[in-house]
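The values are calculated or read from the model by the stated rules, or taken from the named source; none is laboratory data. Please read these numbers as outputs of a predicted model, since none were measured by experiment. Cβ sites come from the backbone with ideal geometry, for glycine too, and all protein chains shown count toward neighbours. In case anyone asks, the SASA skips ligands and DNA or RNA and just uses the protein heavy atoms, side chains included. Shrake-Rupley method; radii C 1.70, N 1.55, O 1.52, S 1.80 Å.
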Amino acid sequence: MTDIALDFPFADPPAPGAVIEVAPGILWARLPLPYRLDHVNVYFIDDGGAWAIVDTGIGDEDCRAAWEALLAGPLAGARFSRLIVTHHHPDHIGLAGWLCDRLGVPLQTSLSSYLGCVNISLSPGAMEAQTYRDFYRSHGMTRDVADAVLTLGHGYLRMVTPLPASFRRLVQGDTLAMGGREFEVMTSEGHAQEQVMLHCRAANIFLPADEVLARITPNVSVWAVDPDGDPLGLFLRSLAMIEREVAEDALVLPGHHLPFRGLHKRTRELAEHHVERCARIAEACAERPQSVADLVPLLFPKVQDVHQLGFAFNEVHAHVNYMIYRGDLHQRSHNGIERVETAR
């Protein structure tokens, strides 16, 4: 994609152990992650004499140490009212149980986020089940690569502390009153099921979690528990909903990279990115039938490790399913491998 001409009101992220006030009553901190996308943003929203926390970072010692630095530094002596988790990915929910216990605050999140974390990250052996191996193998992945993806590649999914035994469910259309302002709860699909986003219309502030990022495209994946799902179709539908509901000049506080303005420009760029990828898949499938594994090098020629390969494979699968639902591709099974070809 071409360079993005967005407005970035903050040239640099907060330093380790520091916060930046991005709007009156909203603080931004950045926590380390142990992979290529090496950080996640967390936010603190004034909640009337206390702070509501948005997201947690991943469940490892470096992230815990980053939290302790914040709590001993700019947030020393602060009170906290609640923890809002946007979605079930470990970099956003990984320290939810630890933080709720450490700070004595309740957890608020969507039902899908809570149950998704329990089912995937906190279920022993879930990712190593035979159904997951069959899923990858039936779409062209070799046995050795499938084994590596399911063990080494998905190891990050285990970096989650046990969740609190109860939570308050957040649902599309809810309103959260915090610090004299109202934040509407919006939920999106595609990147994660029922991902929580917060929108303060009066202040023109939008927290989209990972649905809209300024510098990268959010991962949109098909998973073995929903092998025929259409997450890309749902993602594009969510982008259109965001464009209808949130102003173009809103201050966007995303889950990764820098806050920005230019929301509609970015949602359209993200949609166009996926249209272009579908066109590349259609061109390849017009030449010969392709498995999902065959198509991974076409869209992700620089995949460097099994962690990235798992994401790449599942994202290619999302494009394939989307094109099957649209009628652009037809899927056939041959010798136990599913392949797609241009619909005729």
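For the chain, the relative contact order comes to 16 percent (Cα pairs under 8 Å, sequence separation of at least 6). The value of relative contact order for region 112-242, using C-alpha pairs under 8 Å at least six residues apart, is 18 percent.
Here region 128-199 is treated with +1 on each Lys and Arg Cβ and -1 on each Asp and Glu Cβ, and its dipole about the Cα centre works out to around 180 debye. One way to sum up the overall shape of the chain is the equivalent ellipsoid from its Cα gyration tensor, whose semi-axes run 35, 23, 17 Å, largest first.
For region 207-265, what value does the Rg/Rh ratio take when both radii are computed over Cα atoms and Rh is the Kirkwood radius, given to two decimals?
1.02
Could you look at the chain and say what percent of its accessible area is carbon and sulfur, using a 1.4 Å probe and all protein chains? Provide the component values of the computation, followed by the final result.
On the way: 7410 of 14400 Å².
Whole-percent figure for carbon plus sulfur exposure: 51.
Note on the chain: with a GNM built from Cα contacts shorter than 10 Å, the maximum mean-square fluctuation among 257, 317, 334 falls on 334. Label 7 Å along Cα→Cβ of residue 240; region 306-344 residues with amide nitrogen under 16 Å? The answer is 322-323, 325-327. Using a probe of 1.4 angstrom and keeping all protein chains present, the accessible surface of the chain works out to 42 square angstrom per residue. Shown here for region 1-71: trypsin sites (Lys or Arg not before Pro) in loop regions (DSSP other than H, G, I, E, B) with at most 16 other Cβ atoms within 10 Å, namely 36. Suppose we keep just the DSSP beta bridges with both residues in region 1-126; what percent of those would be antiparallel, to 5? Expressed as a percentage, antiparallel bridges in region 1-126 total about 70.
With a sphere of radius 15 Å drawn around the Cβ of residue 129, what net charge do the other residues whose Cβ falls strictly inside it have (Lys, Arg +1; Asp, Glu -1)?
It works out to a net charge of -1.
For the pair residue 35 and residue 175, the difference between a 0.36 nm per residue extended length and the Cα-Cα distance amounts to 46.9 nm. Placing a pseudo-label 7 Å from each Cα along the Cα-to-Cβ vector at residue 280 and residue 129 gives an inter-label distance of 3.3 nm.
Estimated purely from DSSP H runs of n ≥ 4, each contributing -39500 (n - 2.57), the mean residue ellipticity at 222 nm for the chain is -10000 deg cm²/dmol once divided by its residues. Within region 35-95, which chymotrypsin sites (Phe, Trp or Tyr not before Pro) sit in a loop by DSSP and count at most 14 neighbouring Cβ atoms inside 10 Å? Here the chymotrypsin sites (Phe, Trp or Tyr not before Pro) that fit, given the DSSP loop and packing criteria, are 35.
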